[in-house]
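The values are calculated or read from the model by the stated rules, or taken from the named source; none is laboratory data. Just so we're clear, the structure is a prediction, and the values are computed from it rather than from any experiment. Every residue, glycine as well, gets a Cβ built from its backbone with ideal geometry; the counts of neighbours run over all protein chains shown.
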């Protein structure tokens with residue numbers, strides 16, 4: 001299961017949405033107040049769009065791809 005999540009996270013990093021790419025430009029390399037963010041980061045059995053461990057912050061961008069998984073997203077939240 002761990003390997004499957006890792007492979008999935010790598011695939012998601014390669015296929016980021018336009019909105020994710022735009023936000024990543026501002027989050028990467030400690031551009032946001034010196035905080036280090038990770039993209040498509042595994043937390044337990046979930047993969048989050050962006051995470052900052054230092055600030056205990058997770059950022060999820062919900063776009064059209066989430067329209068079909070409303071129940072799943074609510075449960076995850």
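Mind checking whether some residue in region 33-41 is outside any loop (DSSP other than H, G, I, E, B) and either out of contact with any strand residue (DSSP E or B) (no Cβ under 8 Å at 6 or more places or on another chain) or farther than 24 Å from residue 75 by Cβ (or both)? No. Might you let me know whether region 58-76 holds any residue that is in a strand (DSSP E or B) and modelled with pLDDT of 80 or more? Looking for residues that are in a strand (DSSP E or B) and modelled with pLDDT of 80 or more, one finds at least one in region 58-76, hence yes.
Candidates are the residues of region 23-49 that are in contact with a helix residue (DSSP H, G or I) (Cβ under 6 Å, 6 or more places away or on another chain) and at pLDDT 95 or above; the one that is farthest from residue 4 (Cα to Cα) is 36. Pairs meeting the criteria (first residue in region 3-15 and at negative phi and assigned to a helix (DSSP H, G or I), second residue at pLDDT 75 or above and exposed (fewer than 15 other Cβ atoms within 10 Å of the Cβ), beta carbons under 8 Å, at least 6 apart or on different chains) are 5/45.
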